[in-house]
Every structure is written in C-alpha cells, then in structure tokens.
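Step one of this worksheet: look at the structure below.
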Amino acid sequence: MNPKRTIGDVILEVEDIALSFGGVRALSHVSFGVREHEICSIIGPNGAGKSSMLNVINGVYHPQHGHLVYRGKRIRRMHAHKSARYGIARTFQNIALFKGMSALDNILTGRNLMIKSTFIEQAFYWGRARSEEIAHRRRVEEIVDFLEIESVRKVPVGRLPYGLQKRVELGRALAAEPQVLLLDEPMAGMNVEEKEDMCRFILDVNDEFGTTMVLIEHDMGVVMDLSDHVVVLDYGRKIADGTPEEIRDNQQVIDAYLGVAA
Amino acid sequence: MSFFFEVLIGGLLAGVMYSLVALGFVLIFKASGVLNFAQGSMVLFAALTFVSLTERGINFWLALLATLAIMVVLAILTERIVLRPLVNQPAITLFMATIGLSFLLEGLAQGLWGSQPHGLNLGIPDDVLVIGDMFISTFDLYAAGIAAVLVGALAVFFNKTRVGRALRAVADDHQAALAVGIPLKHIWAIVWAVAGFVALVAGLLWGARQGVQFALTLVALKALPVLILGGFTSVPGAIVGGLIIGASEKLAEVYIGPYVGGGIENWFPYMLALMFLLIRPEGLFGEVHIDRV
Amino acid sequence: MIYRECGQFKTSYGSDQAIFPIPQDRWGVMLALLIAFMVIPAIANEYWLGVILTPFLILALAALGLNILTGYCGQLSLGSAAFMAVGAFAAYNFELRLPGIPLLLDFVLAGLVAAGVGIIFGIPSLRIKGFYLAVATLAAQFFIEWSLTKFGWFSNYSSSGVITAQKMVILGYDFDTPLRKYLLVLSIVSVLALMAKNLVRSETGRAWMAVRDMDVAAEVIGIRIMKTKLMAFAVSSFYCGVAGALWAFAYLGTVDAQTFDLHRSFQILFMIIVGGMGSILGSFIGAAFIVLMPIFINLSAHALFGNAIRPDLLSNMELIVFGGLIIFFLIVEPLGLARLWQIAKEKLRLWPFPH
Ligand SMILES: Nc1ncnc2c1ncn2[C@@H]1O[C@H](COP(=O)(O)OP(=O)(O)OP(=O)(O)O)[C@@H](O)[C@H]1O
Ligand SMILES: [Mg+2]
C-alpha cells in the first residue's frame with residue numbers, strides 16, 4: 001500500500017458542537033475526530049445535520065457552542081475564507097459552481113490563494129501576472145484530464161449536465177491542493193456508472209495525494225466500500241462512530257434507519 | 001418645544017403617505033418577489049389619467065372608476081407581457097425590467113395626456129389648524145387620515161381575506177402555493193391591480209398637494225428608504241418605517257439643514273436607512289436569515 | 001478566411017490564454033482600432049466627431065465601469081453618474097488648485113478620487129445584497145449630487161454651481177478641435193478598455209465573477225468577499241470618474257452636478273443591459289445603441305410626420321422606446337447584443353458543419 005495512505009493521527013476534531021437555527025436544533029453536542037489520510041463518512045437520515053456539520057467545519061455556519069481543533073490548533077470560530085487557507089476544500093450538496101464561468105475558469109478559481117501578482121500587474125497582464133496565469137493553467141489542465149472533462153472545459157458550467165457539474169466542482173476543490181476535502185453527497189442523483197467514476201476519482205485522490213476526506217453519502221454500499229471510519233448522526237446527535245463493520249452491526253443505527261423507513 | 005412637535009407632527013403626517021406608497025411596493029414584493037421600481041410611474045400615470053379625464057368634464061366618481069379600470073388593465077398587461085416571461089429569472093433581472101416599465105409608463109402617460117402640469121382640487125379643506133401654539137395643515141391631516149384608512153384596509157385585506165392569505169402563501173413558497181391550487185398568474189394580476197389602486201390614491205393625495213406633474217414619480221424614491229428600513233416584505237415595517245422616515249426627514253431638514261445649506265431631504269432618508277442597515281441588516285422586523293448551502 | 005477555432009491548434013497554454021486566442025478576433029480588434037484611429041478621422045465631419053463619437057466613447061467608458069461592478073461582480077448600482085460627477089469635479093479642482101498639473105495625471109487623480117468615494121459607498125455591499133444594495137446606491141446618487149451643488153468650494157464658488165473645464169494641453173499640444181478631442185478620448189478609452197479586458201481574464205476578474213455567481217462558495221475557496229467587492233467598487237468608480245472628467249473636459253466643456261443626475265445613471269445601466277452584462281464589448285455596443293437610438297427616433301419621426309411633431313412628444317417617444325427595449329432585451333436576451341454577436345460567431349466557427 002502507498003505510504004501516503006497509512007492512516008495517521010487525528011488532525012481534525014470537532015468538539016461539543018451545538019448549532020441551532022431559531023428553534024431548530026441542527027446539531028447537539030457532537031464530537032468526533034478525523035485522522036490524517038483517512039476517508040471518514042458521515043451518514044444519517046435526512047435533516048440529521050450532516051451538511052450543517054460540514055458547514056461548521058469550514059466556517060460557513062457558526063455554532064453557538066463548541067470548537068474545532070485542527071492540527072493541534074484550537075479554533076473557536078472558523079471563517080469560511082480562513083478554512084481555505086488551512087487547506088480545507090469543499091464541495092456542496094446542491095452544486096455551488098460559478099454558473100456564468102467556464103469549467104476551466106471555475107477550476108482556476110480554486111487556485112486563487114496561490115496567485116501572487118497584484119491587480120496592477122494583472123491589468124497590464126505583465127510579468128508575474130502572465131507567467132502565473134500560464135503555470136496555473138497547466139496545473140488545471142492536469143485536473144481536467146484526470147476528471148475526464150476535456151471536451152467541456154470551455155463551456156459555461158450552467159450549461160453542463162448535472163454529473164459533469166459535480167465533477168467540475170470536485171475539480172475546483174482539488175485545484176486548491178487541499179489537505180482535507182469535505183464532500184457533501186458527491187454521488188447524489190447519479191447513475192451507477194457515474195457513481196463508479198466518482199468513487200474512482202475519490203479513491204485515486206486519496207491514494208495519490210493522501211488527502212483526508214470527510215464525505216457525506218446516502219448510498220450504504222458506497223459508504224461501506226470507501227470509508228475507513230463512519231460517523232452516524234440522527235436528529236443532530238451522534239449515535240455511532242466506528243469502522244464500517246462496527247456501524248453495520250450497531251443496533252441504534254439500524255433502529256434509526258428503520259425508524260426513518262417506517 | 002411646541003415648534004419641535006409641530007415639525008414632528010408634520011413629519012408623521014407626511015410619513016403616513018410614505019407608508020402608503022411603500023405598501024404598494026410591499027404588496028407586489030410579497031406576492032411576486034419583484035421590487036417594482038415602476039411604482040412611482042404608476043402614481044404619475046394614475047393621477048395624470050384622472051386629472052385629464054376630469055378636465056374633460058367627466059364626473060369625479062366616473063373618472064375615478066375609469067382610472068381604476070385602466071390601472072387594472074395595466075396590471076393585467078404587465079403580468080402578461082413583462083412578468084410572466086421573466087418568471088424564473090433572478091429577482092434583480094425583474095427589478096431592472098421594472099425600471100424599463102417605469103420609463104414606458106412615464107412616456108405613455110405624458111404621451112397620452114401631455115407633459116404640462118395640472119392642478120388638482122379634491123375639495124379637501126386646506127386651512128391651518130391651531131392647537132395650542134402649533135400650526136397644523138388640515139390638508140395634511142385629511143390626507144394622512146385617508147392614507148391611514150387605506151393602510152389599515154390593506155393590512156386587513158392581507159391578513160384576513162382569502163385572497164390575502166393566498167398572497168402570503170405565494171410569497172412564502174411559490175411551489176407550495178401552486179400545489180394547493182392557487183393560480184399564480186391571477187394572484188399576480190390582482191396584486192398589481194391593488195398596487196395600481198394604491199398608486200391612484202397616492203397620486204390624488206400627492207397631486208392635490210403639489211400639482212400633477214412629472215415630479216410625482218419621485219414619490220416612489222421617497223418610499224424606497226422606507227422599504228430598506230422596514231424590509232421589503234413587512235407590512236408593519238412599511239408603516240413604522242414610513243413614520244420614522246417622515247418624522248426624521250422633517251426634523252433633520254429643520255434642525256440640521258440650516259447648518260449644511262438645506263435641501264437634505266433628498267438624501268437624508270437614504271443615509272438614515274443605510275446607517276440603520278449597517279447595524280441591523282435584517283431591517284426593522286426582519287428575521288436573521290442564514291443562506292442555506 | 002473564415003472565422004473558426006477548430007483546425008487552429010494552440011501550441012501552448014500561453015497562446016490559449018492570450019487576450020484574443022482566436023486570430024480572427026485579434027484581427028477584428030486591430031481592424032476596429034485602425035478604423036477608429038485612421039479612417040474615421042479622415043472621413044468624419046465635426047458634427048459626427050464632436051456630437052456623436054466623442055460622447056459615445058465616453059459613455060462606453062462609463063458603461064464599462066458599471067459593467068465591472070454590475071456585470072462582472074454582480075452588484076447592481078443606480079449611482080454611476082454620481083461617480084462621473086465626482087471625476088469631473090475632481091479633475092476641475094486639481095487643474096484649478098494645482099496649476100500646471102499634467103493633464104493625464106489630472107485624469108488619473110480624478111479617477112482615484114472617484115474610486116475612493118466609490119469604496120465608501122461600496123461599504124454597505126458587505127452587509128446588504130441585491131436590491132437593498134441597489135436602493136442604497138441611490139444614496140450615493142442623491143448625496144453626491146447634493147454636496148457638489150451645496151458646497152461652493154467644489155465649483156470654486158461659481159454662482160450657478162457650473163464649472164467650466166480648463167483647456168486640455170499635453171506637452172504644449174492643445175487638444176482644442178473636435179478631431180483632437182476625439183483622438184485623445186479614443187486613446188484613453190482604448191487603453192482603459194484593454195486594461196479592463198486584462199483584469200477580467202485574470203484572478204481579479206475571476207474573483208469578481210465568483211462573488212457574483214455564488215458568494216458562499218467563493219468565500220469557501222478563500223476569496224475575500226469584502227476585498228473583492230470593494231475592489232470592484234473602486235475600479236468601477238475609477239472608470240466612471242475618468243469618464244466624468246472626459247465628459248466635462250472633452251465633450252461639454254461646462255457641467256454642473258445635474259449633468260450627472262439619476263437619469264444619466266439609468267442611461268448607463270441601460271447600455272449594459274442592451275449591450276451585455278459581463279462583456280467588455282457589450283459596453284461599447286450598448287453605448288452605441290443608446291446614443292444612436294434617439295437620433296434614429298428623431299430622424300424617423302421627422303421623416304414620418306415632418307416638422308409638425310412636438311418636441312415633448314418626441315422625448316416621450318424616447319422614453320417609451322427605451323423602456324420597451326429594456327424589457328424586450330431582459331426577456332429575449334438577458335446577455336444583450338454581445339451575446340447575440342457571440343452566437344453568430346459560434347455559428348460561423350463551426351460552419352459549414354453545424355454539429
Ligand atoms: N441555513 C439554515 N437556516 C435554517 N435552518 C437550517 C439551515 N441549514 C440547515 N437548517 C436546518 O438544520 C437541520 C439540519 O439540516 P442539514 O442540511 O444539516 O441536514 P442533512 O443531514 O444534510 O440532510 P440531507 O440528507 O437532507 O442533506 C434541518 O432541520 C434544516 O432544516
Ligand atoms: Mg445535506
């Protein structure tokens with residue numbers, strides 16, 4: 001096995017997170033840890049608070065209580081633009097691409113933090129502005145190749161089919177070369193073939209770059225196959241946390257899912 | 001001190017009129033999510049049509065009815081021609097379309113009836129009422145009274161009647177409203193017609209005070225800060241916002257104006273609303289909203 | 001040679017990232033510049049140069065400014081004329097109070113002052129969005145108009161609040177004829193348009209568009225919303241400010257605050273709606289359209305009705321046509337004429353094999 005894939009220490013912890021919207025409790029005192037290089041899945045019925053959890057991790061929502069610990073640093077209030085600087089990237093449940101821009105430009109924006117030239121240089125397209133633009137374009141083309149979206153790179157993403165949009169969004173996240181990647185239902189609404197492709201991309205990235213992943217997914221087959229570690233939420237509470245095998249046999253988890261089905 | 005109250009009361013009376021115009025905006029916004037920039041042009045259109053009809057010897061009530069009918073037709077046409085094709089566009093696109101609509105209406109109104117100003121006499125007594133040592137214009141009092149009645153009627157219409165409840169359902173969730181069988185296009189046409197009626201009343205009251213002329217369209221610009229203050233969706237917000245803007249505008253003109261050369265009532269309400277928004281972005285009665293992702 | 005992309009393989013990302021990656025576009029722009037700089041001066045008369053082309057170019061510059069803010073960064077502004085006013089009055093005051101200041105420096109400083117004012121009025125955009133912001137920009141429009149009228153210092157205490165722009169002289173060369181003014185304006189507008197084009201295809205422009213399309217996602221990938229929006233306000237106001245200075249110095253000669261009223265702001269907004277939101281070319285097409293339309297209406301009205309037509313009817317007809325056009329464009333082609341042009345090009349590009 002690739003040495004990068006050897007699972008390391010806990011690098012990201014959420015501790016005692018509580019979040020509510022008006023009267024709605026989205027998360028009640030949830031804690032868990034994510035170890036370096038692992039693929040951690042968050043599962044749970046609709047409205048369990050999974051997306052909210054990711055939003056707390058990268059600072060889109062601010063919890064009323066609790067904090068994060070990232071690489072030993074205690075963070076009480078994460079800001080969205082700071083999370084990117086910590087190396088945390090993200091895709092969204094309802095695709096959040098920049099609709100008016102081409103696939104290429106969308107992915108290029110993922111590299112915004114690496115751009116050093118000032119806007120004056122950019123206005124003259126001069127010196128660093130030009131060389132950076134070309135260098136980043138080269139990296140982005142590699143991502144385009146990897147995700148197999150060469151043929152649509154210049155198309156405004158608003159015009160792309162759903163499955164391809166999901167890929168472009170993954171591309172934008174990868175362009176930042178993140179250490180932690182948060183994926184909110186990357187395979188929702190896809191057919192079997194598309195799901196297989198997406199699984200392959202996720203595994204490849206994890207394998208090749210050792211990117212730590214936190215993944216939300218409803219398809220149990222996919223979860224069991226991909227994950228090293230599964231966290232189960234129900235009504236904003238954590239009800240289980242362990243290896244896929246442990247989760248499969250956990251009575252509370254079975255009840256929660258049966259409860260939803262009934 | 002009584003001078004202060006005199007100014008304050010004058011401001012509050014004007015404020016009621018702002019509330020009335022603002023309510024026209026709120027109505028349309030709640031039902032269709034459109035900030036109707038053409039509200040001011042509707043005021044001009046209605047007032048100009050009414051005056052021109054009466055000047056041609058038509059009886060007051062008949063002219064009122066005819067103007068109302070024209071405003072309803074206008075509402076239906078607007079729904080058909082402008083709103084329906086833009087249904088799924090971003091709200092800001094609809095807003096820009098209403099700027100276009102306002103040009104169209106201004107051009108139509110003046111093209112049809114001419115651009116010259118008209119006087120308008122509604123028979124409301126225009127005297128000065130002396131209370132203690134305060135002077136208050138009876139015209140303002142009557143106008144505010146009429147506006148207040150209308151504001152109250154609209155609030156009741158909105159909260160108590162079947163159509164009103166349907167309107168609110170549409171505002172909360174278009175899909176849901178459709179699902180329970182409320183025909184969206186009817187609702188929109190109704191709302192625009194009601195807004196047309198509000199424009200007519202506002203146009204008459206305002207026109208009687210300052211003449212029916214192009215400047216009437218500026219009434220809408222007075223109502224916009226009221227909306228930022230009160231929120232685009234809140235009926236109480238429009239009422240309270242109107243009173244606040246009316247009062248503070250007059251007070252500022254009297255107490256701050258002299259130090260800066262006067263004429264500040266054009267921008268003061270906007271600045272006031274802006275300052276307020278910087279402190280409380282959700283407006284007077286709005287709830288904190290966190291974008292869902 | 002036919003306009004097409006396929007068959008022309010780019011040999012490097014560098015050339016694909018070039019400003020006009022397709023040679024025909026490059027030649028098209030060259031040709032346009034050639035015509036503007038060489039042919040038009042040779043054939044156009046003073047009326048065309050002074051009354052149509054110069055104001056067209058200046059308004060195109062203002063539209064470009066608004067397009068940066070509204071079309072690229074998604075912040076609707078109804079106060080662009082106010083920033084033109086700031087530019088005009090600033091340029092006048094720099095000339096007045098720093099005699100001998102180089103003309104181009106004067107224009108740049110005027111733009112910077114407008115940019116500064118733009119940043120101040122852009123601050124609300126950090127907390128409010130959409131039409132709340134649009135309405136808030138009206139504050140800029142009214143407040144600036146009022147202060148330029150009320151505080152005599154700005155107009156050097158001229159009794160009517162009117163300022164008379166100083167002569168335009170660069171290195172002893174006097175830009176005093178319509179032709180010279182046209183060429184000066186054309187040069188300034190060309191350079192600024194090129195810079196805008198560079199900005200929008202670089203990181204700055206991508207950040208603007210990202211904020212426009214989905215601000216939460218933009219923030220999550222590390223874009224600072226505040227900096228990005230204020231930058232858009234600053235650059236946009238800079239462009240409007242320079243346009244305002246040119247309006248005073250190269251076109252009208254004398255202006256007051258009311259030259260730049262709400263109506264002018266709407267006129268500029270209409271240009272980008274008709275021309276194309278988020279398109280540099282669209283700013284020019286839109287400006288041409290809006291400048292020529294009244295002339296066209298006027299001519300056709302006279303052709304149809306002779307001189308009997310009342311002037312106020314004519315101006316009302318203009319209102320109707322403009323209003324109708326705006327609605328028409330928003331419904332039929334929200335991306336404006338520039339988008340139609342692009343579609344035409346794409347058709348050509350694939351011709352004769354449409355699939
Ligand atoms: N921005 C918000 N404003 C108000 N309520 C919210 C917001 N975001 C989430 N909620 C509420 O918080 C709760 C948890 O929502 P969340 O989106 O986290 O669930 P989820 O587990 O991701 O569900 P799903 O599987 O449907 O995506 C829900 O009741 C939801 O309505
Ligand atoms: Mg979710």
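Among helices (runs of 4 or more DSSP H) entirely within region C:251-355, having at least 2 residues that are within 13 Å of chain B (Cβ to nearest Cβ) and touching a Pro at 6+ places or on another chain (Cβ under 8 Å) singles out C:311-332.
Anything in region C:206-217 that is open to solvent by less than 20 Å² (accessible area, probe 1.4 Å) and more than 8 Å from chain A (Cβ to nearest Cβ)? List them, or say none.
Scanning region C:206-217 gives C:Trp208, C:Val211.
Residues that are aliphatic (A, V, I, L, M), open to solvent by 10 Å² or more (accessible area, probe 1.4 Å) and assigned to a helix (DSSP H, G or I) within region B:43-73 comprise B:Leu53, B:Leu62, B:Leu64, B:Leu65, B:Ala66, B:Leu68, B:Ala69, B:Ile70, B:Val72, B:Val73, listed in sequence order. Counting only residues that are over 20 Å from the mean Cα position of the chain (by Cα) and either hydroxyl-bearing (Ser, Thr, Tyr) or at pLDDT 85 or above (or both), region B:131-157 holds 2 of them.
If I filter region A:45-60 for residues that are away from ligand 1 (no atom under 16 Å from the Cβ) and farther than 23 Å from A:Glu13 by Cα, do I get at least one hit?
Within region A:45-60, not a single residue is away from ligand 1 (no atom under 16 Å from the Cβ) and farther than 23 Å from A:Glu13 by Cα.
Tell me, yes or no, whether region A:119-137 has at least one residue that is out of contact with any Leu (no Cβ under 9 Å at 6 or more places or on another chain), open to solvent by less than 20 Å² (accessible area, probe 1.4 Å), under 16 Å from C:Ala207 (Cβ atoms) and not in a helix (DSSP H, G or I). The answer is no; no qualifying residue exists. Filtered by the rule that a residue be away from every other protein chain (no Cβ under 11 Å) and either among the polar types (S, T, N, Q) or surrounded by 16 or more Cβ atoms within 10 Å (Cβ to Cβ) (or both), region A:138-153 gives A:Ile143, A:Val144, A:Phe146, A:Leu147, A:Ile149, A:Ser151, A:Val152.
Candidates B:Arg84, B:Arg56: the one that is within 14 Å of chain C (Cβ to nearest Cβ) and among the basic types (Lys, Arg) is B:Arg84. Only a single item in (1) away from ligand 2 (no atom under 16 Å from the Cβ); (2) within 14 Å of another protein chain (Cβ to nearest Cβ) is not met by A:Ser227, and it is number (2). Only a single criterion out of (1) facing chain A (nearest Cβ under 9 Å); (2) open to solvent by less than 10 Å² (accessible area, probe 1.4 Å); (3) on the phi < 0 side of the Ramachandran plot is not satisfied by C:Val185, namely (1).
Among helices (runs of 4 or more DSSP H) entirely within region B:74-176, having at least 3 residues that are under 30 Å from C:Phe328 (Cβ atoms) singles out B:91-113, B:162-172. Taking region B:239-285 as the range and being in a loop (DSSP other than H, G, I, E, B) and within 7 Å of chain C (Cβ to nearest Cβ) as the test, the residues that pass are B:Gly261, B:Gly263, B:Trp267, B:Pro281. The selection criterion, being more than 16 Å from ligand 2 (Cβ to nearest atom) and hydrophobic (A, V, I, L, M, F, W, C), holds for B:Val235. Could you please let me know if A:Gly66 is more than 11 Å from chain C (Cβ to nearest Cβ), within 16 Å of ligand 2 (Cβ to nearest atom), over 14 Å from the mean Cα position of the chain (by Cα) and in contact (Cβ under 8 Å) with a residue 12 or more places away in the chain? Considered against the rule, which asks whether it is more than 11 Å from chain C (Cβ to nearest Cβ), within 16 Å of ligand 2 (Cβ to nearest atom), over 14 Å from the mean Cα position of the chain (by Cα) and in contact (Cβ under 8 Å) with a residue 12 or more places away in the chain, A:Gly66 comes out as no. Suppose the filter is within 30 Å of A:Leu54 (Cα to Cα), modelled with pLDDT of 95 or more and surrounded by fewer than 23 Cβ atoms within 10 Å (Cβ to Cβ); does C:Arg224 pass it? Against the criterion (within 30 Å of A:Leu54 (Cα to Cα), modelled with pLDDT of 95 or more and surrounded by fewer than 23 Cβ atoms within 10 Å (Cβ to Cβ)), C:Arg224 qualifies. Checked against the criterion of being assigned to a strand (DSSP E or B), touching a residue at least 24 places away in the same chain (Cβ under 8 Å) and within 11 Å of A:Val14 (Cβ to Cβ), region A:72-95 has no qualifying residue. No other residue among C:Tyr173, C:Tyr182 is within 20 Å of the chain's Cα centre (by Cα) and hydroxyl-bearing (Ser, Thr, Tyr) apart from C:Tyr182.
Looking at (1) under 18 Å from the mean Cα position of the chain (by Cα); (2) among the small types (Gly, Ala, Ser); (3) open to solvent by 30 Å² or more (accessible area, probe 1.4 Å), which one does C:Ala115 not meet, given that it meets all the others? For C:Ala115, the exception is condition (3). Scanning region C:188-205 for residues that are open to solvent by 10 Å² or more (accessible area, probe 1.4 Å) and not in a helix (DSSP H, G or I) turns up just one, C:Arg201. Across region A:100-114, the number of residues qualifying as facing another protein chain (nearest Cβ under 7 Å) and either open to solvent by less than 10 Å² (accessible area, probe 1.4 Å) or modelled with pLDDT under 95 (or both) comes to 5. Taken over region C:290-316, residues that are of a type in the set (A, V, I, L, M, F, W, C) and open to solvent by 60 Å² or more (accessible area, probe 1.4 Å) amount to 7.
Tell me yes or no: at least one residue of region C:83-106 is among the aliphatic types (A, V, I, L, M), in contact with a Cys (Cβ under 9 Å, 6 or more places away or on another chain) and under 22 Å from B:Phe95 (Cα atoms). No; the residues of region C:83-106 include none that is among the aliphatic types (A, V, I, L, M), in contact with a Cys (Cβ under 9 Å, 6 or more places away or on another chain) and under 22 Å from B:Phe95 (Cα atoms).
The set of residues in region A:18-44 being among the hydrophobic types (A, V, I, L, M, F, W, C) and within 12 Å of ligand 1 (Cβ to nearest atom) consists of A:Leu19, A:Phe21, A:Val24, A:Ala26, A:Leu27, A:Val30, A:Ile42, A:Ile43.
The values are calculated or read from the model by the stated rules, or taken from the named source; none is laboratory data. Everything numeric in this text was worked out from a predicted model, so none of it was measured. Ideal geometry is used to build each Cβ from the backbone, glycine not excepted, and the neighbour counts take in all protein chains shown. What goes into the accessible areas is simple: the full protein's heavy atoms, side chains included, and nothing from ligands, DNA or RNA. Shrake-Rupley method; radii C 1.70, N 1.55, O 1.52, S 1.80 Å.
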